[in-house]
There are 2 protein chains.
Amino acid sequence: MPQRTDKSLNSEPTIKDIKQIYDVLTDEEKLKLENNHKVKHFKKNEVIYEEGEVPDSLLCLGSGKVKVYKVGFGGRDQIVRMANPTSFIGYRAFFAEGPHVASAVVIEPCTIFYIPKTIVFELLECNHQFSLNIIRSLAQELGFSRYRTVTLTQKHIRGRLAESLLVLKEIYGFEDDGMTLNVYLSREDLANFSNMTTSNAIRTLSTFVNEKVITVDGRIIKILDIETLERISKLG
Amino acid sequence: MPQRTDKSLNSEPTIKDIKQIYDVLTDEEKLKLENNHKVKHFKKNEVIYEEGEVPDSLLCLGSGKVKVYKVGFGGRDQIVRMANPTSFIGYRAFFAEGPHVASAVVIEPCTIFYIPKTIVFELLECNHQFSLNIIRSLAQELGFSRYRTVTLTQKHIRGRLAESLLVLKEIYGFEDDGMTLNVYLSREDLANFSNMTTSNAIRTLSTFVNEKVITVDGRIIKILDIETLERISKLG
DNA sequence: GGAAATATGTGTTATAAAACATAATCAGCG
DNA sequence: CGCTGATTATGTTTTATAACACATATTTCC
């Protein structure tokens, strides 16, 4: 496997890198935040939180990659979100003030900032811009979730997998070569993200390779022909 | 068809009935809201907004029933939300500050309050509790949306339809008899809410009738055996 | 370094649900 | 009032995809 170049890993992130919160704070609020948060590191496959747990902190992903999934009925999991730095993690449950309804597991080593509930609500109370950022975040994610509900229920396997690859490209982007997806998922994760069995993810990936739309080398996926991939995604 | 008793229709609602906003305002803010909103009435099947439109007001459903749906790929629509009084309508796009990604159509005659964007943002800025209500609303709806993504993709037809009936019961409740669903949908809407073809909605509804779980008289659905319905919903 | 576990790959079969076809019933309306 | 279009209903065929089975890599870790 080649070197996984990820700028966010080159230097250790700090709470100041969480722009959507740090940048809107006053100097006084910044100080409060800096003095009142914890930093935790997670290794690959570690569990960040599990379905049912009640969050008492707001989590921000400083670096690394995280999958958020719900355990399904037929044993198959559904990945409902792939998180990238710098974004909030598990914040839906935090702000709904209820338990997590999904679990979060590390895909690539993570640095996560924990901001205690009391601090978050103090900041929300005095900083109106922070509230607006949270509102916008949730509204956008709800839009995405509804979009996915429709595509995952209505598109055919090829369309679903093509769309997932494009979504991953949107979230994590390409390597420096401009074609290698900057995320390395197992076939099973890819299947769970696309609402299909692992077998069908493998099979469909192979047909995409035969059609010269992508290349696959282990978990390294290169998108050769993004227009065709978009067409496959659109047509179903 | 029997009388559709709906308390919210008995007396004309006012902006004061939108508790999640009115009740958290100061007297001064209340006055501002009362002087700066419009009231519109919609008849059955009227379009409230369509996919692509950019909202310039926050809409609150004072009375009536609304379906929110996305146009799918194979021509089939997916109903992503059934709205009841008193809740916000189309507020996801409003707060994401982008276009609507779904359309809203009247199921039962509606009274809708329009609060202009400037007023909403003025209230958000000075009233922290209002922000929190919006945040909580969006967070809860995102939770529901993700839950539905999993159930609509993984449950079998029977499970999906059973769940939809239970969800409708949660949203609109029963008539006074404690068993008649207080919402009257076409088989097509029921199908579009449950991610299945109209034929299959009709067929499955019939099997539920045969199994004495429900009765059906036109669009009037009575739930006879809610425990069995819940079991069907859970098992797939 | 080798055994065990895990992940990937491929062919075959079974099946849930869509697609199609065709009535029957109901609602609106000139 | 009877025509027209929408809605509801039901049987048959087709198909996409899950389920199963099994082979082969690849990683893990003792």
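The values are calculated or read from the model by the stated rules, or taken from the named source; none is laboratory data. Every value quoted in this text rests on a predicted model; they were computed, and no experiment measured them. Every residue, glycine among them, receives a Cβ derived from its backbone with ideal geometry; neighbour counts consider all protein chains shown.
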Exclusive hit being in a helix (DSSP H, G or I) and more than 11 Å from chain B (Cβ to nearest Cβ), set A:I119, A:I107, A:I112: A:I119
Residue among A:G64, A:G90 that is away from chain B (no Cβ under 14 Å) and in contact (Cβ under 8 Å) with a residue 40 or more places away in the chain: A:G64
Selection count where residues are acidic (D, E) and part of a helix (DSSP H, G or I), scope the range A:71-104: 0
Residues that are within 16 Å of DNA strand D (Cβ to nearest atom) and out of contact with any strand residue (DSSP E or B) (no Cβ under 6 Å at 6 or more places or on another chain), drawn from the range A:62-96: A:F73, A:G74, A:G75, A:R76
Breaking point among (1) within 16 Å of DNA strand C (Cβ to nearest atom); (2) out of contact with any Ser or Thr (no Cβ under 8 Å at 6 or more places or on another chain), for A:I221: (2)
Matching residues, the range A:19-40, being within 22 Å of the chain's Cα centre (by Cα), surrounded by 13 or more Cβ atoms within 10 Å (Cβ to Cβ) and part of a helix (DSSP H, G or I): A:Q20, A:I21, A:Y22
Single condition B:G74 does not satisfy, out of (1) more than 28 Å from B:M196 (Cα to Cα); (2) facing chain A (nearest Cβ under 7 Å); (3) at pLDDT below 95: (1)
Some residue of the range B:164-182 being over 27 Å from A:G72 (Cα atoms) and within 11 Å of DNA strand D (Cβ to nearest atom): no
From A:R92, A:R136, residue being under 16 Å from the mean Cα position of the chain (by Cα) and either on the phi < 0 side of the Ramachandran plot or among the hydroxyl-bearing types (S, T, Y) (or both): A:R92
Selection count where residues are away from DNA strand D (no atom under 11 Å from the Cβ), part of a helix (DSSP H, G or I) and exposed (fewer than 14 other Cβ atoms within 10 Å of the Cβ), scope the range B:184-229: 1
Residue in the range B:94-106 that is nearest to B:V54 (Cα to Cα), counting only those that are in contact (Cβ under 8 Å) with a residue 24 or more places away in the chain and crowded, with 21+ Cβ neighbours inside 10 Å: B:H100
Verdict on B:S164 being outside the structural domain of B:D27 (by TED's automatic domain parsing) and either more than 17 Å from the chain's Cα centre (by Cα) or surrounded by 19 or more Cβ atoms within 10 Å (Cβ to Cβ) (or both): yes
The range B:42-66: number of residues that are under 17 Å from the mean Cα position of the chain (by Cα) and surrounded by fewer than 19 Cβ atoms within 10 Å (Cβ to Cβ): 7
